[in-house]
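What follows draws every value from the coordinates through simple rules; no lab data is involved. These numbers come from a predicted model, not from an experiment. Heads up, the Cβs are rebuilt from the backbone with ideal geometry, glycines too, and the neighbour counts pull from every protein chain shown.
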Amino acid sequence: MTARLVHLGIGAFSRAFTVPLTQAAGGWEVVAFTGRSPRIAEVLTAQDGRYGLVVRGPETDAVELVDVISRALPADDATALDALLADPETHVVTLTITEKGYGADPADPDAAPARLARALRARREAGTGAPIALVSCDNLVDNGRVLGEAVIAAIAAAGDEATAAWFPGHVDVVSTMVDRITPAAGVAEQRLASAELGFEDRATVVTEPFWEWVIADAFRGRRPAWEGTGAVLAADVAVHEARKLRLLNGAHTLLATAGQLAGHTTVPEAVADPAVLGAVRALWAEASRTVPLPAEELDRYQDALLRRFENVRLADSLRRIAADGTEKLAVRTLPVIDELGGPEQAPGEVASVAAWTRWVTQQVRAGREVADPRTAEIAEAARIDDDAERTRALVGLIGGSLVDRDALAAAVLAAD
Ligand code: CS2
């Protein structure tokens, strides 16, 4: 019998990554819930959950059919989520809810942690004994722990002591490191997939051939045999998360703003610019010192990253990556500055913060909205005339508690 996996946050990334890998593992169906916008549920439902995955290499495209989604539902269908989690055939919930999804108010009934808290209550009340695993697939270090804390906080906010007591015996929270670059797909990719697959595909995703998934080996219940597809089950995911977040994502965040300031629009254009590439290399040299892996392995990883960034056919957009800077700098950049002993010891990382402050200022002053959970505060801060005051205000909006903000603002000003 087919086992069931529920996914929360069915955006392009999960359609290019966790969903096709779950299909490849075999024997599972996926029920997908959207993020805040219900649109993709309508699109997927209209095409029976099927869509095309365009795998775009440096020279050729391959189109794969993904047809493992049995139902696609809007995030606010709480009745469906509760019923699905109460069902013993549901063993796994994967999540791609982005960094901001984890910081949501635990009492916000529309946010993923509170939705899960309620659905877990339904599972407990139904007397479903089978363990269930909540698997975070977002770009955060220790994402399983962060997810577990967010859900437990939501259970507490609901005053649900019975589910809080039941949780440790029935729910596993699992960390994973996820990696597959997935730019936004356009009409050209939809046409390509539609022609190959023989139906009008409006949910096409485009991605690179490379992918890497390291999953904590922490399931008491059933799970797809992802290791059969090439995913790695590991005792320790943290070191891989640090490697990927600080080197790949850290460089992306720098490229996104420094690249746009230098007049580029895509990742391959930005890394072809020697000045921008020099800044990436400086950031990598610092970040590498904080990742406990052999130097040769980190060197090889950087070379491989560069090859991926250079894929001109993928042409990942810098504007897409520049979104949510206050959340991304908090997990990709500030921890390195902190671990190296402060801004003075990490000029390459400080340059990324400086590029972000300059880029948001430029955007706001050109009348463009910066996509970020703190967009209104960014707009207000970016309009401050005094350089020192503006820098302090902007740096103060970056999330997390690491790194003294006055020292960081001073270093950013000195870097300008
Ligand atoms: C990017 C990521 O949007 C971003 O901030 O850095 O989406 C990146 O492409 C993925 O993490 C690659 O695995």
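What to note about this one:
- When its C-alpha radius of gyration is set against 2.2 N^0.38 Å (N residues), the chain gives a value of 0.98.
- On a per residue basis, the convex hull of the C-alpha atoms belonging to region 217-308 measures out at 123 Å³.
- Debye intensity ratio I(q)/I(0), log10, region 250-383, q values 0.11, 0.13 Å⁻¹ (C-alpha model): -0.39, -0.54
- Region 317-340 residues near the modelled Q362 label - backbone nitrogen below 19 Å, point 7 Å along Cα→Cβ: 317-326, 329
- Residues in region 187-219 that a label on T265 would reach, taking backbone N under 15 Å of a point 7 Å out along Cα→Cβ: 187-188
- Relative protection proxy for 354-360, 258-264, from highest mean packing down: 354-360, 258-264 (other beta-carbon atoms within 10 angstrom).
- Spin-label pair R36/E296, simplified geometry with 7 Å Cα→Cβ offset, distance in nm: 4.9
- You can think of it this way: the chain between E310 and R50 has 90.6 nm of extra reach, that is 0.36 nm per residue less the Cα-Cα gap.
- Here region 5-91 is treated as a Stokes sphere of Kirkwood radius computed over C-alpha pairs; at 20 °C and 1.002 mPa s its diffusion coefficient rounds to 159 µm²/s.
- Backbone amide hydrogens, once placed in the peptide plane, bring V92 within less than 5 Å of V6, A133, excluding anything fewer than 5 places away on its chain.
- Restricting the calculation to Cα atoms, region 3-235 shows an Rg/Rh of 0.96 when the hydrodynamic-style radius is the Kirkwood one.
- Paramagnetic reach from E149 (point 7 Å along Cα→Cβ, amide N under 20 Å) across region 385-409: 397-405
- Calculated FRET efficiency, D217 to D385, Cβ-Cβ distance, R0 = 51 Å: about 0.40 to the nearest 0.05.
- Maximal additional length on extending the E125-A83 stretch stands at 14.0 nm, based on 0.36 nm per residue less the C-alpha distance.
- Averaging 1/r over each pair of different alpha-carbon atoms in region 143-261 and inverting the result gives 17.9 Å, the Kirkwood hydrodynamic radius.
- Inter-label distance, nm, simple model (7 Å from Cα along the C-beta direction), A235/A376: 5.0
- Over the chain, Cα pairs under 8 Å with separation of 6+ residues give a relative contact order of 14 percent.
- Computed label-point distance, nm, for sites E369 and A3 using a 7 Å Cα→Cβ extension: 4.2
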